[in-house]
1. Could you work out how far apart the two model spin labels at D51 and S125 are, taking each label as a point 7 Å from the Cα in the direction of the beta carbon, and quote it in nm?
2. DSSP loop (so not H, G, I, E, B), at most 10 other Cβ within 10 Å: list which trypsin sites (Lys or Arg not before Pro) in the range 17-98 pass both filters.
3. Whole-Hz ³J(HN,Hα) for each residue in the range 135-148, computed from phi via Karplus 6.51 cos²θ - 1.76 cosθ + 1.60 with θ = phi - 60°, x for glycine and proline: what do you get?
4. Counting every Cα pair in the range 1-104, what percent are over 16 Å apart?
5. Show me, for the range 102-115, the HN-Hα J-couplings you get by feeding each phi into the Karplus relation (A = 6.51, B = -1.76, C = 1.60, θ = phi - 60°), rounded to Hz, glycine and proline as x.
6. Non-local amide H neighbours of Y63 (under 5 Å, H modeled in plane, Pro and chain starts lacking H): which ones?
7. If you line up the Cα atoms of the range 111-235 on their principal axes, what length do they span on each, largest first, in Å?
8. Relative to the present Cα-Cα distance, how much length would full extension add between D229 and S75 at 0.36 nm per residue of separation?
Amino acid sequence: MRLNKFLSTAGVSARRKADEIILSGRVSVNGKVVTNLATQVNEKKDEVAVDGKRISLPLSFIYLKLHKPKGYACSNNDEKGRKTIFDLVDLPERLFSIGRLDYDTEGLIILTNDGDFANKVAHPSGEIEKEYIVKIEGDIKESELAVLRNGVVIDGERLPKAKVKVVGLQKDATRLSVVIHEGLNHQVRRMFEAIGKNIKLLKRVRIGAVRLGGLKRGEYKPLNQYELDALLLGY
Ligand code: URA
């Protein structure tokens, strides 16, 4: 396996950044500093270290989908000491989340101990669709839907276009499906803020071909082979 893939899989950094780390002389293989980017390592035998600290690959890979409830942070170590999604998963492995959801957002999140997979799936070039159900107070006009679809301008920045449709009408609320490709900070909340709408619920229900399905809040289960292939191949 190429050294940058080894470092990426172990969760050190994405491959390109791993190349920079190698070039800066921080990586050693079997005790010798290597700066050649073409270096291959045998993950079963070779001892790889970054800044003198031994790095190893997981014995087996884990890929999970989790229904994140509202009120959980997605960071490994929340600086405010709040509960995190990792508290919900009863496994000894160190896991990474692929992308994040806001503290107050619920829904689908993918977790893995395979850093290279996480970096590949999260890379913007994959353009994987993310679908959200948004519940807003009151109704929404056709002209407001058009603004969301064309990309709202907020604080001088134009947010990307989105696929938006109304999926349910209630007495005092409207439910919409919103599909975006990016994962910009607070992207969906900012879209609705720009048209003056108050979000009551924000829930991610799909990432590419992976659906939240019947998972209850706080529940998780392994991705199946179809879901894994779909994420890697981008469909
Ligand atoms: N958009 C948001 O505004 N928040 C999320 O958590 C996800 C998408």
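1. 2.8 nm
2. Values: sites: K17, R26, K32, K44, K45, K53, R54, K65, K70, K80, R82, K83, R94; in loops: R26, K44, K45, K70, K80, R82, K83, R94.
Of the trypsin sites (Lys or Arg not before Pro), the ones in loops of the range 17-98 whose Cβ has at most 10 other Cβ atoms within 10 Å are K44, K45, K80.
3. Running phi through 6.51 cos²θ - 1.76 cosθ + 1.60 with θ = phi - 60° gives 10, 10, 6, x, 10, 9, 8, 4, 5, 6, 4, 4, 5, 4 Hz.
4. 62 percent
5. Values per residue, Gly and Pro as x: 4, 3, 8, 9, 10, x, 6, 9, 9, 10, 7, 9, 9, x Hz.
6. L223
7. Largest first, the range 111-235 extends 42, 33, 20 Å along its Cα principal axes.
8. Working: separation 154, 0.36 × 154 = 55.44 nm, distance 2.61 nm.
Result: 52.8 nm gained on full extension.
Any read-out appearing in this document is the output of simple, stated calculations on the displayed coordinates, not a laboratory observation. Source: prediction; values computed, not measured. Please note: Cβ atoms are built from the backbone with ideal geometry, for glycine as well, and neighbour counts cover all protein chains shown.
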